[in-house]
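Reading through the structure tokens given below for one structure.
The values are calculated or read from the model by the stated rules, or taken from the named source; none is laboratory data. Fair warning: this is a prediction, and the values are worked out from it, not measured in the lab. Neighbour counts are summed over all protein chains in view; Cβ atoms, including those assigned to glycine, are modelled from backbone coordinates with ideal geometry. All accessible areas refer to the heavy atoms of the entire protein, side chains included, with ligands and DNA or RNA removed. Shrake-Rupley method; radii C 1.70, N 1.55, O 1.52, S 1.80 Å.
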Amino acid sequence: MSLIPSFFGGRRSNVFDPFSLDVWDPFKDFQFPSSLTSSDNSAFVNTRVDWKETPEAHVFKADLPGLKKEEVKVEIEDNSVLQISGERNVEKEDKNDTWHRVERSSGKFMRRFRLPENAKMDEVKAAMENGVLTVTVPKAEVKKPDVKPIQITG
């Protein structure tokens with residue numbers, strides 16, 4: 001078995017070959033709702049979010065260029081899930097305009113993150129600056145167990 005894929009040769013179909021062209025797709029027969037596959041939801045896929053953990057908090061940063069803070073919702077669901085959602089509206093078209101390229105996405109977007117047990121849900125803060133949404137979720141202090149030394153006699 002060759003370790004180099006055969007791009008020019010015949011079709012390969014070895015299950016144990018990582019370079020095989022027959023890749024198993026677990027979602028091949030799964031029916032996705034049409035609302036997830038329509039072209040108006042391209043913003044749903046393109047909303048990028050960074051999540052970093054500092055000693056004090058979990059910090060989420062989402063790139064949302066062109067959106068106002070009124071067009072974005074930040075919510076905590078079930079006291080454990082952070083949800084960032086909103087909608088980027090389509091620019092109004094004029095009949096006299098000729099579009100050469102449309103690359104900016106529009107439509108609804110939503111990202112959800114399950115927060116760890118040590119997150120303080122009642123102290124979440126969000127700020128929007130220059131098209132970047134920053135959500136800060138403070139962490140509860142990890143209480144160290146009280147250790148009581150026991151003197152050994154005898």
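Criterion first (modelled with pLDDT under 75 and either open to solvent by less than 70 Å² (accessible area, probe 1.4 Å) or of a type in the set (D, E, K, R) (or both)) does residue 40 satisfy it?
yes
Looking only at region 116-149, which residues are farther than 18 Å from residue 49 by Cα and among the acidic types (Asp, Glu)?
117, 122, 123, 141, 146
Among what's in region 132-154 and is under 16 Å from residue 120 (Cβ atoms) and either of a type outside the set (Lys, Arg) or not in a loop (DSSP other than H, G, I, E, B) (or both), pick the residue that is most open to solvent (accessible area, probe 1.4 Å).
Selected residue: 141.
Residue by residue through region 96-131, note down the ones that are part of a loop (DSSP other than H, G, I, E, B), acidic (Asp, Glu) and within 21 Å of residue 63 (Cβ to Cβ).
Within region 96-131, just 103 meets the criteria.
Output yes when any residue across region 91-98 is acidic (Asp, Glu), modelled with pLDDT under 90 and open to solvent by 100 Å² or more (accessible area, probe 1.4 Å), and no when none is.
Looking through region 91-98, at least one residue is acidic (Asp, Glu), modelled with pLDDT under 90 and open to solvent by 100 Å² or more (accessible area, probe 1.4 Å).
Does any residue in region 92-111 that is within 24 Å of residue 82 (Cβ to Cβ) come within less than 6 Å, Cβ to Cβ, of a residue that is among the acidic types (Asp, Glu) and at pLDDT 80 or above six or more places away or on a different chain, and which pairs are these?
Cβ pairs passing all conditions: 108/87.
Please pick out the residue among 70, 75 that is without any contact (Cβ under 8 Å) to a residue 24 or more places away in the chain, surrounded by 10 or more Cβ atoms within 10 Å (Cβ to Cβ) and not small (Gly, Ala, Ser).
Exactly one of 70, 75 is without any contact (Cβ under 8 Å) to a residue 24 or more places away in the chain, surrounded by 10 or more Cβ atoms within 10 Å (Cβ to Cβ) and not small (Gly, Ala, Ser), namely 75.
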